[in-house]
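A short worksheet on the structure shown next.
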Amino acid sequence: MRAALSTLKFLEAGSLSHAFKIMKTHPGIMPTAGCTDIYVSLNFGTLKVREFLNLWGLSELRKIQMKGDYLSIGSLATYTQIIHSDSVKKWIPMLIQASSSIGGMQIQNRGTLGGNIGNGSPAGDTLPVLAAAEAVVVLGSTEGIRRISFNMFYTGYRKNAMNPEELILSVEIPRIKSQQWYRKVGTRAAQAISKIVMAAVLSKDPEEQQDPRRIRIAFGSLAPTVIRAFRTETALAENGNITEAQKTLLSEIQPIDDIRSTALYRQTVAANLLAEWWGKVSPRSLIKS
Amino acid sequence: MELTVTLEINEKKHVLTLDSRTTLLDLLREELHLTGTKKGCDHGQCGTCTILLDGKRVNSCLILAASADQKSITTIEGLSSSNSLHPLQKAFISHDALQCGYCTPGQILSAAGFLNEPWERTTEGIKEGMSGNLCRCGAYPNILTAVQEVLENQKLLNPQKASHS
């Protein structure tokens, strides 16, 4: 490791309640899981945190299980676990697509869903899936447990609504009676961080046809945080006109030029992805076929 | 901050007192002089530091040695038994699956991990499964052939599905 490590301190959590206590008594400490993001930032010298709490041994946070009408995925569940979970395959297959697109198998064996959420990169590959799925994040501390809607979770670039002493415990994903779609566009097929990533659902349930939330679209890498394209969803729900919806989309995203791509490229590809998805799932295209 | 960890490395037990900040990669190379495991990018992209941790392949540059306490580790030095090379090592040699050889220990450990995982035993499955290891010489076609040969010899060409969860 190239970073100066002389000031770093690593603590080990023996149990969940122990972890809660450490979070309360060590202000500024950073909880860690697989460390697949943290070690990179440390190496580049971009991480200012100097005290870390290792949660990896807390196997109770690694469970994937059905709880009534939602799927609960523990924050320490690895991408490998998610990819091979029959429950995830049945309930939310687009999360398997997203997890499979992350790094190589070495990264998938260590990287966790909770880590992707906590790291909060606008390019986080699973985040548009959680936004389109209207997931709920379960947080815990010595004060107890609370739930927050994933779509209310981020408050700005790498900022979130967690209290400093809270830990992410799990994610709850409600049932989606819809077709799910996921696309990641990167520089190459494997080992690439996204230039743009999209997740979308469209409900075919007759009972939900009047529900404006039957269309849900989320994008990564197009704004300081993962975003739901709420106005684009409404535009499509109202008249299904893709050209109008593309214009609406361009008015509600704020892509930037950065190391991986340009704003212009991202605008063009975002509009193209929307059209590709809508062409496949819209009622009109189904009638034609 | 110093602490003591017990690691089983290549079937040999080590009780080590180390700085809590040491990565597994630096421990293997700098402390134990197991220099078969290579340092490439040192941030989890190239896969050349791949080892098996409790049988699963991981990038040793992204893991603290302290967090591997009580776990079993396999490196390239421990893959073969006594005087006989591992089938993957033999296949890499016979198919010329390397040029400079720097990525080879990582490629072989990654392939060893792949053999234990429930991926489809197809060409595409192997390519996807080996995508975490970069080779700047571009020996990919021969690496693919070498892995395919080992799979064929193990009669594992039929798709196998298993559940990890």
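Within the span defined as segment A:51-65, every residue fails to be surrounded by 15 or more Cβ atoms within 10 Å (Cβ to Cβ), farther than 20 Å from A:Leu167 by Cβ and not polar (S, T, N, Q). Restricting attention to segment A:89-115, the residues that are more than 12 Å from every other protein chain (Cβ to nearest Cβ) and closer than 19 Å to B:Ser67 by Cβ total 3.
Screening A:Pro224 on (1) out of contact with any Gly (no Cβ under 8 Å at 6 or more places or on another chain); (2) surrounded by fewer than 24 Cβ atoms within 10 Å (Cβ to Cβ) shows it passes everything except condition (1).
Scanning segment A:111-124 for residues that are at pLDDT below 95 and touching a strand residue (DSSP E or B) at 6+ places or on another chain (Cβ under 7 Å) returns A:Gly120, A:Pro122, A:Ala123, A:Gly124.
Collect the residues in segment B:102-148 that are of a type in the set (Val, Ile, Thr) and either under 23 Å from B:Leu53 (Cβ atoms) or in contact with a Gly (Cβ under 7 Å, 6 or more places away or on another chain) (or both), keeping them in residue-number order. Matches in segment B:102-148: B:Thr104, B:Ile108, B:Ile126, B:Ile143, B:Val147.
Among the residues making up segment B:107-125, those that are part of a helix (DSSP H, G or I) and touching a residue at least 40 places away in the same chain (Cβ under 8 Å) are B:Gln107, B:Leu109, B:Ser110, B:Ala112, B:Gly113, B:Phe114, B:Leu115. With the structure loaded, tell me whether A:Leu8 is in contact with a Lys or Arg (Cβ under 6 Å, 6 or more places away or on another chain), free of Cβ contacts under 8 Å to residues at least 60 places away in the same chain and within 12 Å of chain B (Cβ to nearest Cβ) or whether it fails that test. Considered against the rule, which asks whether it is in contact with a Lys or Arg (Cβ under 6 Å, 6 or more places away or on another chain), free of Cβ contacts under 8 Å to residues at least 60 places away in the same chain and within 12 Å of chain B (Cβ to nearest Cβ), A:Leu8 comes out as yes. Between A:Arg213, A:Arg188, the distinction of being outside any loop (DSSP other than H, G, I, E, B), at pLDDT below 95 and either among the aromatic types (Phe, Trp, Tyr) or more than 16 Å from the chain's Cα centre (by Cα) (or both) belongs to A:Arg213 only.
Could you count how many residues in segment B:84-101 are small (Gly, Ala, Ser) and free of Cβ contacts under 8 Å to residues at least 24 places away in the same chain? Spell out the reasoning first.
So the first thing to find is which residues in segment B:84-101 are small (Gly, Ala, Ser), and the list is B:84, B:91, B:94, B:97, B:101.
Filter again for free of Cβ contacts under 8 Å to residues at least 24 places away in the same chain, leaving B:84, B:101.
Here the count works out to 2.
Identify, please: which residue in segment A:27-54 is over 19 Å from A:Ser121 (Cα atoms) and touching a helix residue (DSSP H, G or I) at 6+ places or on another chain (Cβ under 6 Å) and is, among those, nearest to the other protein chains (Cβ to nearest Cβ)? Filtering first and then ranking leaves A:Asn54.
Do we have any residue at all in segment A:35-52 that's touching a strand residue (DSSP E or B) at 6+ places or on another chain (Cβ under 8 Å), at pLDDT 90 or above and closer than 30 Å to A:Lys177 by Cα? Looking through segment A:35-52, none of the residues is touching a strand residue (DSSP E or B) at 6+ places or on another chain (Cβ under 8 Å), at pLDDT 90 or above and closer than 30 Å to A:Lys177 by Cα.
The values are calculated or read from the model by the stated rules, or taken from the named source; none is laboratory data. Quantities reported herein were computed from a predicted structural model and do not represent experimental measurements. Positions of Cβ are backbone-derived with ideal geometry, glycine not excepted, and every protein chain shown enters the neighbour counts.
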